[in-house]
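Presented below is the structure to which this report refers.
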Amino acid sequence: MSTEKALLSWSLTGLLHFLSNHNVNPSNVLPNWLNRYVTHKSRVQYPKRADKGHVYLIGAGPGDAELLTLKAHRLIQQADVVMFDWLVNPDIINMIPSHVERVFVGKKCGQHSMQQADICQLMVEVALTGKNIVRLKGGDPAIFARAAEECDILAKHHIDFAIVPGITAASGASAYAGIPLTHRECAQSVRFITAHLKSATEEPNWQALVAGASGSPSSSSGETLVFYMGLKRIGTIMQRLETHGLKASTPVAVIDQASTAQQQVCIGTLENIAQRVAEQNFQGPAVTIVGEVVNKRHKVNLSLLSQSTADLSVTA
């Protein structure tokens, strides 16, 4: 498949998934999208140039568009092409100037607009035309976002790149749910764990996780566990932790769509959280926090953070 045909296919298919995920009517945006990628075909014809473009791997944060960093915003404004993921807030996409090409390359469990190898290849092809690329990822690019693989292929082709950190999902969920990740009284450390390993047959080191998290409520030596991408496996994860020795009464919080207007928080214990989550209409992505810090939760007034999204758009 040619680069042009591939880009058209990936962009249109990915766009429909993206719009569906964010409850946006395709008829409101498809005409402009088609005009961008079909009428102006020259935009997706990528002849090689001697001067290579640069690539910026940028974290878009956990959901709230205002958590985007100033540096990320500046680089988005200066880009020639923005390749963005599923979890990037549409309000951030609206910040992209109209003359900048937008390419959706998102992946969601069971729904991939592009495979990771194809994303890497497309980045290289576009950079070799001399265009500067912003690779926009949800959360932080260095935490469960496969940035290392993209860095590897860029380095292999001698394409200069830089990484701009973003607020990771654990931090966003912690702040917006009012749950500290560490606490002097019960958790001196925190561990991030992905629920999606490289192989379906792989498992985390449950014994090590339980050993770290088994501090008593009166001890400061406990470790907070934060599971990413574990909504569909919440029952299995809790069962594994309990089987390997973590108390069934251990507090657990599941934060769905953290830092967005759709955020929901479910509080329970190791033995009942799966059932409680099943009773709620969680859509994902979700972050699961396990440990005594859940009992240190405070109610935060999220209305103090509200601002009209109309102020976030950028016209160009």
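All of the numbers you see were taken from the coordinates with simple rules; none came from a lab. Small disclaimer: the values here were computed from a predicted structure and weren't measured. With ideal geometry, Cβ positions are generated from the backbone for all residues, glycine too; neighbour counts draw on all protein chains shown.
I'd like the FRET efficiency for Lys296 and Thr243, computed as 1/(1 + (r/R0)^6) with the beta carbon distance as r and R0 of 41 Å, rounded to 0.05. Kindly include the intermediate steps, with their values, before the conclusion.
Details: r = 26 Å, r/R0 = 0.64.
The computed FRET efficiency comes out at 0.95.
Full extension from His158 to Arg184: what is 0.36 nm times the residue separation minus their Cα-Cα distance, to one decimal in nm? Present the calculation step by step, with values, prior to reporting the outcome.
Working: separation 26, 0.36 × 26 = 9.36 nm, distance 4.59 nm.
The span from His158 to Arg184 would gain 4.8 nm if fully extended.
If R₀ is 25 angstrom, what is the calculated FRET efficiency for the pair Asn272 and Thr194, using the beta carbon separation as r and rounding to 0.05? The partial results should precede the final answer.
On the way: r = 24 Å, r/R0 = 0.96.
With a Förster radius of 25 Å, E is 0.55.
What aspartates and glutamates could a cross-link reach from Lys156, if we take a straight Cα to Cα line under 15 Å and drop same-chain neighbours fewer than 8 places away?
Reachable aspartates and glutamates: Glu125.
Treating only the Cβ atoms of Lys and Arg (+1) and Asp and Glu (-1) as charged, compute the dipole magnitude of region 170-296 about its Cα centre; round to the nearest 20 debye.
On the way: 9 positive and 9 negative charges, 24 e Å.
With only Lys, Arg, Asp and Glu charged at Cβ, the dipole is about 120 debye.
How far apart, in nm, are two points set 7 Å out from the Cα along the Cα-to-Cβ line at Arg74 and at Glu125?
Going from the Arg74 label point to the Glu125 one covers 3.3 nm.
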